[in-house]
Amino acid sequence: MLTYEERQIHLSWTQNTTIKQIEDAFKEFTTREDIAVVLISQYVANMIRFLVDSYNQPVLAFLEIPSKDHPYDPAHDSVISRVKYLFSTESVASGRR
Amino acid sequence: MEEQDQMQSSIEVEELEEQQQREGKRLEEENVVRFLDSLDSYVTLLDSLSSTLRQGWLELASARQSMGASRINGALLDLKFHSAATSLQVTHHDDEILNQPHFTLCKWASSKNGYGDEKLRENKLQTNSDGPQLRHRSQFAEKIPETKGAPLIVDDQVQKERTKSLSMFGTLVSPKLRAAQLSFETALETLVEIANVRLTMLSTSDQVRKELEGTEG
């Protein structure tokens, strides 16, 4: 059993990383008390988009950031999508490809 | 006489109601402006983060080219646990308007000298001089310097800590590697700003939504 100091605080994504591993890491990091900010590449966030969009806890900051090979796209950001309804009558998911 | 008194009191009640309505509308408009400001800041900061990270990656690639792939390599990491050089503090502000937590970055706070407060001041200076120009709709908006190259106030201890963290790449490192380190430091500060602005945006959007639902209902 890992001690408090030894618990992993990151998951490095590779081509071999499964969706399940990403989901498990997401669930772990968003429920741990010693983590206040979670950074995730937007490319990886798109793989678990349904989980990311359903997360709405106010305290933990969940930030989608650009990666080297995949630039940031505001249209896919979960926070911007959540407040987009204030500007139009479209649903949150209708603009997603 | 009594009728006059009654008329006077009803007029006063109407005036009070009108004043309350005007005050309510003013608060609603303030929430909307605050929400739009935070949304604008969020998008601007993310754009700034993208360009800062791109710059950092390019500088790192340049450093790798000049120093050699063997000197800048993941294999140099010893994979041991180290105490964090930079930490994040979550504080709860008793803000009258928005009761929400606030993130603060403490850079190089693991030093024995413990100059966390000085680092916060330095972070603020760096943010003001290097950060994106955010629009503020208040009348007390800060003047942002026009020149992007405003000199940073760097403590000797901070420079030592920076050099120490680069020591795993060798004693003499490329200036590009140092530049990459600064770029990623700036990106970290921007991320903390984004986290704070995100909280404000979500909080104000909830308030605006409630006001809209109240109006429709």
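The values are calculated or read from the model by the stated rules, or taken from the named source; none is laboratory data. The shown structure was predicted, so the numbers you read here are calculated from the model rather than taken from an experiment. Here the Cβ positions follow ideal geometry from the backbone for every residue, glycine too, while neighbour counts run over all protein chains shown. Ligands, DNA and RNA are excluded from the accessible area calculation, which covers all protein heavy atoms including side chains. Shrake-Rupley method; radii C 1.70, N 1.55, O 1.52, S 1.80 Å.
Values for this structure:
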| read-out | value |
| --- | --- |
| Estimated inter-spin distance, residue B:11 and residue B:165, nm [label 7 Å along Cα→Cβ] | 6.9 nm |
| Dipole of the range B:15-97, positive direction: furthest Cα of B:86, B:42, B:68, with charges on the beta-carbon | B:68 |
| Nitroxide proxy distance, nm - points 7 Å out along Cα→Cβ at residue B:54 and residue B:81 | 3.9 nm |
| Residues with amide H under 5 Å from that of residue A:41, placed H, sequence gap 5 or more | A:65 |
| Heavy-atom accessible area per residue - the range B:1-78, 1.4 Å, Å² | 70 Å² |
| In Hz, Karplus ³J(HN,Hα) per residue of the range B:159-165 (6.51, -1.76, 1.60; θ = phi - 60°; x = Gly, Pro) | 5, 5, 5, 5, 4, 5, 6 |
| Under-5 Å amide H pairs with residue A:62, H placed in peptide plane, nonlocal only | A:38 |
| Prolate/oblate/rounded call for the range B:20-91, Cα gyration tensor, a/c under 1.5 rounded | oblate |
| Förster radius 30 Å - calculated FRET efficiency between residue A:31 and residue B:47 (Cβ-Cβ, nearest 0.05) | 0.45 |
| Unsatisfied cross-links (Cα-Cα over 22 Å) in the set B:107/B:160; B:80/B:164; B:25/B:210; A:84/B:210; A:27/B:210; A:20/A:84 | A:27/B:210; A:20/A:84 |
| Karplus-derived HN-Hα couplings along the range B:35-51 (A = 6.51, B = -1.76, C = 1.60, θ = phi - 60°), whole Hz, x at Gly and Pro | 5, 5, 4, 5, 5, 4, 4, 4, 5, 5, 5, 5, 5, 5, 4, 4, 6 |
| Rounded to whole Hz, the Karplus (6.51, -1.76, 1.60) HN-Hα couplings of the range A:67-81, x for glycine and proline | 10, 4, 9, 10, x, 6, 10, x, 5, 9, 5, 5, 6, 5, 5 |
